[in-house]
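The values are calculated or read from the model by the stated rules, or taken from the named source; none is laboratory data. Quantities reported herein were computed from a predicted structural model and do not represent experimental measurements. For neighbour counting, all protein chains shown are included, and Cβ atoms are generated from backbone atoms with ideal geometry for every residue, glycine included. Protein only, heavy atoms only, side chains kept; ligands, DNA and RNA dropped before computing areas. Shrake-Rupley method; radii C 1.70, N 1.55, O 1.52, S 1.80 Å.
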Protein chains: 2
Amino acid sequence: MTDIRTQALACREASRAIAALDSTAKAALLEAMAEQLLADEAAILAANVQDLDNARAAGIGNAMLDRLMLNPARITGIADALREVAGLPDPVGQKTRSEVRPNGIVVERVRVPLGVIAMIYEARPNVTADAAALCIKAGNGVILRGGKEAIASNQAIAASLHTAMARFGVPAAALTIVADLRREAMLELLQLTDIVDLAIPRGGEGLIRFVAEHARVPVIKHYKGVCHLFVDAVADTAKALDLLIDGKCSRPSACNAIETLLVHHDIAAAFLPQAAEALRARGVELRGCPASRAIVADLLPATEADWDAEYLDLILAVRVVDDLQAAIAHIQCHTSDHTEVIVTEDAANAETFVAALRSAVVMVNASSRFSDGGQLGLGAEIGISTTRLHSYGPMGLEALTVERFVVRGEGQVRT
Amino acid sequence: MTDIRTQALACREASRAIAALDSTAKAALLEAMAEQLLADEAAILAANVQDLDNARAAGIGNAMLDRLMLNPARITGIADALREVAGLPDPVGQKTRSEVRPNGIVVERVRVPLGVIAMIYEARPNVTADAAALCIKAGNGVILRGGKEAIASNQAIAASLHTAMARFGVPAAALTIVADLRREAMLELLQLTDIVDLAIPRGGEGLIRFVAEHARVPVIKHYKGVCHLFVDAVADTAKALDLLIDGKCSRPSACNAIETLLVHHDIAAAFLPQAAEALRARGVELRGCPASRAIVADLLPATEADWDAEYLDLILAVRVVDDLQAAIAHIQCHTSDHTEVIVTEDAANAETFVAALRSAVVMVNASSRFSDGGQLGLGAEIGISTTRLHSYGPMGLEALTVERFVVRGEGQVRT
């Protein structure tokens, strides 16, 4: 028996202690975890300095260093996030349905924890606390396999959380940090179908594809967000412009940013010039189809690859389409199943768009940037799923549970 | 591009035609499929004779021949099942939640089809029609890979269903029968992560393990049902006896049959002798622990393997346990996550049992044989899941859909 399997088995065993806590105890535990994190700030920052030194010595770039870096404000932010999760409604034990069958048995559907969740992620140490909080709130054990750049920070955060857990009689193994960061060890973790109920990879597309391609345990993930915004012929152009600017510019590195603008032919001459001006003023590079280039001077030509690109940057692909059906056809062909937006004043067109597309989130006259667990009212987000199973779109606490059947009778038999 | 990939792509394309049908049209389509099956009875029976002849020539046993065999009554049964599915409520388009966020956007959760479902099953031709009906009712395309013994019957049934589908403008590819029955072709089907949204294997444990171990597409399955019945100290022994006999004897080959009887020490002397007498009168072989053998003469000794056995036969493992906690510990150790039953007049004990066990279905004073989609009110059953994700326990139409987000605003932006 290897180390990873032993650790995972211990997590499964310890997950029962989490599952046995009632809602009040879990909320108190998460509050205690937040307090403990603040109390352990010095130790966590010291560990983080160690990670930062190693990262600098390894020549890691500034963007990555910034993601890795903790400071008192960021630790306060992590503690605040734990408190927010503490205050969310507990999905476990919720009765989603109850029915009395003709023979008198009462059939209830009740939410229960998934069991053991493995998170595979990259170098943001706040994910360690966030993911632990969400999994624990939903009654699960959690195995965290973060990036090697953040290992000291992750272990210091976990040690702090373990201190709080111990006060509630929850074994440390319920929140397990994988210390063996070799790929072989991750592969082994992903084969443990008898122990791990779900793996959630978060990070770059390369990491996610590696997990999805090698896991035998169930995986829920999204590779990328190629979000489309379609401006219909009967769009309110002021709304369209606001939604476009918010979608493209408010956080271009987010997976819910707009990557492709589709414009109805009939409104293109009116809308595209002002859109181009506003976007260029914000530093956005535009890559257009021939029809759009005939309307806006100096557009770079879009190539076929642009229709599938997740730029995560201030770049936008632009295409003029003949009509609503052509917009739908373009999206059906290039969708990442993440988020699509229509801007229209025509309710029938909106419904056609919603019905025709199979993406996880479809927006009518609202920004793609709302495609986020917090914005959509889930309270917090463990990830986004474009896996069309279990959970589709932003995943909150509920996605870390499953409904089962509880049946109560008075001795009824079938035959 | 191989044949399987081409077929699966065609199914995915055709699945859009199914998804575009409204509830009324889908119900009418399923009614038409039922009628067409009856109209094509002669052709289906002729194909079935061909399968039966081949099976006999291959020396296949009587039990399998019976499962393979169709006759007018069975075809009527299949048509009736299609009509039942036609009459079920349509899960697609159901709004499960709606919330107005503080910024005024309206966030709805709406059920949508999964997309393309692959069913892998063995030699019951009725599964071909049942699975097709359920998948289509839930708006999905379906790829059916049945056993080679039933291939002529399956193709004849599908040809009949295609006739009805054509009248509704639904391409035949929406219901695809895999004609290439080599294992390699099945393996290829199970790798099509960009086309197949879910694979559901049904059949023997060997087939299911093969699918689960080789699939890259998501798989929902159950391997076996080692269902426990625990008779608490404060059980009503008359109820306990009824539930035990129904659970063990009403259909021993079903996965929801009782395989292990656990009896509280305090009631064992009163209950076990009458239970043993009643079961033996029905031809049940009992295999007991030492304590049970001290109470009932001539019990065969149970070995460790008996606690994990799914007999699917008139055999029952019997164990006396010290108390409720010992019963729970036994089940936690040997559960197949399928169905567990407690017989007790003590409500607190019942709740302890329900809370401690993580099985898909937990029954209080009700027969394990109710662990079935029809009995639990799902209307029909596509399978049973002990995969703790998406759906846990008997799966009906709803399990063939997923909730997504539809957001309607008036131009709201995030920043």
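A few notes on this one:
- Residue match in the stretch B:229-252 (condition: closer than 23 Å to residue B:332 by Cα, basic (Lys, Arg) and away from chain A (no Cβ under 13 Å)): no
- Some residue of the stretch A:387-404 being β-branched (Val, Ile, Thr), touching a Gly at 6+ places or on another chain (Cβ under 6 Å) and at pLDDT 95 or above: no
- Residue check for residue A:146: more than 14 Å from chain B (Cβ to nearest Cβ) and surrounded by fewer than 23 Cβ atoms within 10 Å (Cβ to Cβ): no
- Contacts under 8 angstrom Cβ, first residue in the stretch B:341-353 being open to solvent by 10 Å² or more (accessible area, probe 1.4 Å), partner of a type in the set (A, V, I, L, M, F, W, C) and part of a helix (DSSP H, G or I), 6 or more apart: B:349/B:324; B:352/B:324; B:352/B:328
- Qualifying residue in the stretch B:91-107 (condition: open to solvent by less than 50 Å² (accessible area, probe 1.4 Å), of a type outside the set (Phe, Trp, Tyr), assigned by TED's automatic domain parsing to the domain that holds residue B:22 and under 19 Å from the mean Cα position of the chain (by Cα)): yes
- Residue identified as closer than 23 Å to residue A:249 by Cβ and more than 8 Å from chain B (Cβ to nearest Cβ) among A:352, A:401, A:339: A:339
- Hey, residue A:47 open to solvent by less than 50 Å² (accessible area, probe 1.4 Å) and farther than 17 Å from residue A:131 by Cα or not: yes
- In the condition set (1) among the β-branched types (Val, Ile, Thr); (2) closer than 30 Å to residue A:364 by Cα; (3) under 14 Å from the mean Cα position of the chain (by Cα), residue B:402 is compliant with all but (3).
- Among the conditions (1) in contact with a Cys (Cβ under 7 Å, 6 or more places away or on another chain); (2) not assigned by TED's automatic domain parsing to the domain that holds residue A:261, residue A:368 misses just one, which is (2).
- Selection of the stretch A:267-289 for residues being under 27 Å from residue A:337 (Cα atoms) and either in a helix (DSSP H, G or I) or of a type outside the set (A, V, I, L, M, F, W, C) (or both) yields A:267, A:268, A:271, A:272, A:275, A:276, A:279, A:285, A:287, A:288.
- Every condition in (1) in contact with a Ser or Thr (Cβ under 7 Å, 6 or more places away or on another chain); (2) open to solvent by less than 10 Å² (accessible area, probe 1.4 Å) holds for residue A:376 except the one numbered (1).
- Complete set of residues in the stretch B:328-378 that are of a type in the set (S, T, N, Q) and part of a helix (DSSP H, G or I): B:332, B:349, B:352, B:368
- Candidate set: the stretch B:365-378, residues that are more than 25 Å from residue B:94 (Cα to Cα) and of a type in the set (A, V, I, L, M, F, W, C); chosen: the one nearest to the other protein chains (Cβ to nearest Cβ): B:366
- Residue list for the stretch B:192-217, filter: in a loop (DSSP other than H, G, I, E, B) and without any contact (Cβ under 8 Å) to a residue 60 or more places away in the chain: B:193, B:194, B:215, B:216
- Some residue of the stretch B:312-326 being open to solvent by 20 Å² or more (accessible area, probe 1.4 Å) and closer than 24 Å to residue A:193 by Cβ: yes
- Single unsatisfied condition, residue B:362 versus (1) open to solvent by 40 Å² or more (accessible area, probe 1.4 Å); (2) at the interface with chain A (Cβ under 10 Å from one of its Cβ atoms); (3) not basic (Lys, Arg): (1)
- The set of residues in the stretch B:328-340 that are touching a residue at least 12 places away in the same chain (Cβ under 8 Å) and either open to solvent by 10 Å² or more (accessible area, probe 1.4 Å) or out of contact with any His (no Cβ under 7 Å at 6 or more places or on another chain) (or both) comprises B:328, B:330, B:332, B:333, B:334, B:335, B:336, B:337, B:339.
- Any hit, the stretch B:222-240, residues being assigned to a helix (DSSP H, G or I), open to solvent by 10 Å² or more (accessible area, probe 1.4 Å) and either under 25 Å from residue B:112 (Cβ atoms) or not small (Gly, Ala, Ser) (or both): yes
- Of A:82, A:88, A:134, all but one fail to be more than 9 Å from every other protein chain (Cβ to nearest Cβ), aliphatic (A, V, I, L, M), open to solvent by 10 Å² or more (accessible area, probe 1.4 Å) and in contact (Cβ under 8 Å) with a residue 40 or more places away in the chain; the exception is A:88.
- Residues that are open to solvent by 10 Å² or more (accessible area, probe 1.4 Å) and either under 21 Å from residue B:410 (Cβ atoms) or part of a loop (DSSP other than H, G, I, E, B) (or both) were ranked within the stretch A:379-390; the one that is farthest from the other protein chains (Cβ to nearest Cβ) is A:380.
- For the condition modelled with pLDDT of 95 or more, out of contact with any Pro (no Cβ under 7 Å at 6 or more places or on another chain) and over 30 Å from residue A:191 (Cβ atoms), residue B:291 qualifies.
- Residue match in the stretch A:213-222 (condition: modelled with pLDDT under 95 and more than 14 Å from chain B (Cβ to nearest Cβ)): no
- Residue check for residue B:181: at pLDDT 95 or above, aliphatic (A, V, I, L, M) and outside any helix (DSSP H, G or I): no
- Residue tally, condition touching a helix residue (DSSP H, G or I) at 6+ places or on another chain (Cβ under 7 Å) and surrounded by fewer than 14 Cβ atoms within 10 Å (Cβ to Cβ), over the stretch B:167-180: 2
- Condition check for residue B:414: farther than 19 Å from residue B:234 by Cβ, facing chain A (nearest Cβ under 10 Å) and surrounded by 21 or more Cβ atoms within 10 Å (Cβ to Cβ): no
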